[in-house]
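Scroll down for the structure; my scribbles are underneath it.
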Amino acid sequence: MPQAATAAESTAATSGSDFAPLLRAVREQGLLERRTGWYATGIAANLLALAAVLAGMVLIGNSWWTLALALPLAVLWGRTAFVGHDAGHSQITSGRGLGRAIGLIHGNLLLGMSQAWWNDKHVRHHANPNHIDKDPDVGVGALVWAQKQAAQREGFARWLTRNQARLFFPMLLLEGIALKVSGFQDLRRQGARERILEGALLVAHLAGYATLLLTTMSLGKAVAFALLHHAIFGLHLGMAFAPNHKGMEMPDPDGERWGHLQRQVLTSRNVRGGILTDWFLGGLNYQIEHHLFPSMPRPHLRRAQPLVREHCRSLGMSYAETGLIESYRQALQHMHEVGEPLRSAPEPVVAA
């Protein structure tokens, strides 16, 4: 993924597009330079906080009060996921080997989520955001994102699509477990060496997680903790990623191919806020800047925003930015509209 991210920026810059002046301004301000110290401090603080929560679980032991620690552990797992995301984009270090090691530790070992699976999926998303034929994030799955996808749904999937807006947040409670399952399923796609390394780290995570829970509490409490922890974790990640593209422009697969600037800006939405919003959303609230400059270190995204906004204004290009609650409303409204034809159409008759 590091190579894919920087390659996208370079290709757009050399193509003579309207992105080139913006890239030049960003480079002149040093916003693509690494912030190794910032990341090292953040990673160390997150690991210490994780260790403190685990120590608390051991000290409290076999008590229902231990379940209260599922919340801070889930939030810290969210920080861990953001580090893995940034490592995959080569934001932390330009060294491919070190970046991959950081990603594997934070993704596979600490979260039980395959870094190779995530990178493959995420590269394709960044290359063609919101493109229903090329972006896996808007492909047909439990949810659908375009009415032509909805029209093909049958049975339970059809009912799900009709109600997907109201079911979206409840379904996120399953996302933490789904991420683990997807990682194991992806091992079949990977080459032999990568499969062995990724698989070993995923198994090590499961073994360590199960050992921690089963040695500190009874089986019933351990299962309850695991379910609660993964539900909060999935909800947290979903709340961080949902505002980014849902309800934004979706390129016509048969229409004119957009340039890099248009493709990334028109399909993305920023979320306004301060330091707390930046922390909660892991910097992904600057989604437009992140998509334009995938390798830009997270702390530089806020500084790049005025340059990007002004550049879009000078070109007469829409620049979407809203509050957090409004971003969820727009995303849910889009999901509701996608399912509207199914709610108004009669149920298909199944032949006997």
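The values are calculated or read from the model by the stated rules, or taken from the named source; none is laboratory data. Keep in mind that what you see is a predicted model, and the values were worked out from it rather than measured. Neighbour counts run over all protein chains shown; Cβ positions are idealised from the backbone, glycine included. Only protein heavy atoms, including side chains, enter the accessible area calculation; ligands, DNA and RNA are left aside. Shrake-Rupley method; radii C 1.70, N 1.55, O 1.52, S 1.80 Å.
Which ones in the stretch 217-232 are open to solvent by less than 50 Å² (accessible area, probe 1.4 Å) and within 14 Å of E175 (Cβ to Cβ)?
Passing the criteria: H229, H230, A231, I232.
Cβ-Cβ distance below 6 Å, separation of 6 or more or different chains: which pairs start in the stretch 193-220 with a residue that is touching a residue at least 24 places away in the same chain (Cβ under 8 Å) and end on one that is β-branched (V, I, T)?
T216/V58; M217/T66
Return the total of residues in the stretch 133-161 being open to solvent by 30 Å² or more (accessible area, probe 1.4 Å) and in a loop (DSSP other than H, G, I, E, B).
8
Considering the stretch 49-94 alone, what residues qualify as being without any contact (Cβ under 8 Å) to a residue 40 or more places away in the chain and farther than 19 Å from L213 by Cα?
Passing the criteria: T80, G84, A87.
Only one of L235, L214 is over 30 Å from A146 (Cβ atoms) and open to solvent by 40 Å² or more (accessible area, probe 1.4 Å). Can you tell me which?
The match here is L214.
Say whether the condition of being assigned to a helix (DSSP H, G or I), in contact with an Asp or Glu (Cβ under 8 Å, 6 or more places away or on another chain), free of Cβ contacts under 8 Å to residues at least 24 places away in the same chain and not basic (K, R) is met by at least one residue in the stretch 332-352. Step through it out loud before you land on a result.
Step one: of the stretch 332-352, the residues assigned to a helix (DSSP H, G or I) are 332-344.
Then keep just the ones that are in contact with an Asp or Glu (Cβ under 8 Å, 6 or more places away or on another chain); that gives none.
The answer is no; no qualifying residue exists.
So, in the stretch 119-130, how many residues would count as being in contact (Cβ under 8 Å) with a residue 60 or more places away in the chain, of a type outside the set (D, E) and either out of contact with any His (no Cβ under 9 Å at 6 or more places or on another chain) or in a helix (DSSP H, G or I) (or both)?
Filtering the stretch 119-130 down to residues in contact (Cβ under 8 Å) with a residue 60 or more places away in the chain leaves 119-120, 122-123, 126-130.
Remaining after also requiring of a type outside the set (D, E): 119, 122-123, 126-130.
Adding the requirement that they be either out of contact with any His (no Cβ under 9 Å at 6 or more places or on another chain) or in a helix (DSSP H, G or I) (or both) leaves 119, 122-123, 126-128.
Number satisfying all stated conditions: 6.
Being in a helix (DSSP H, G or I) and free of Cβ contacts under 8 Å to residues at least 12 places away in the same chain is the filter here; which residues of the stretch 244-289 pass it? First the steps, then the outcome.
Taking the stretch 244-289 and keeping what is in a helix (DSSP H, G or I), we get 260-265, 275-280, 287-289.
Result: I275, L276, W279.
Would you please list the contacts, defined by Cβ atoms under 7 Å and residues six or more apart or on different chains, that run from a residue in the stretch 26-37 that is closer than 11 Å to Q91 by Cβ to a residue that is open to solvent by 80 Å² or more (accessible area, probe 1.4 Å)?
Note: pairs meeting the criteria are R34/S94.
Yes/no per residue for (1) under 19 Å from R27 (Cβ atoms); (2) surrounded by 21 or more Cβ atoms within 10 Å (Cβ to Cβ); (3) of a type in the set (K, R); (4) modelled with pLDDT of 95 or more:
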| residue | (1), (2), (3), (4) |
| --- | --- |
| R269 | no, yes, yes, yes |
| R298 | yes, yes, yes, yes |
| Q305 | yes, no, no, yes |
| E326 | no, no, no, yes |
| E340 | no, no, no, no |
| V349 | no, no, no, no |
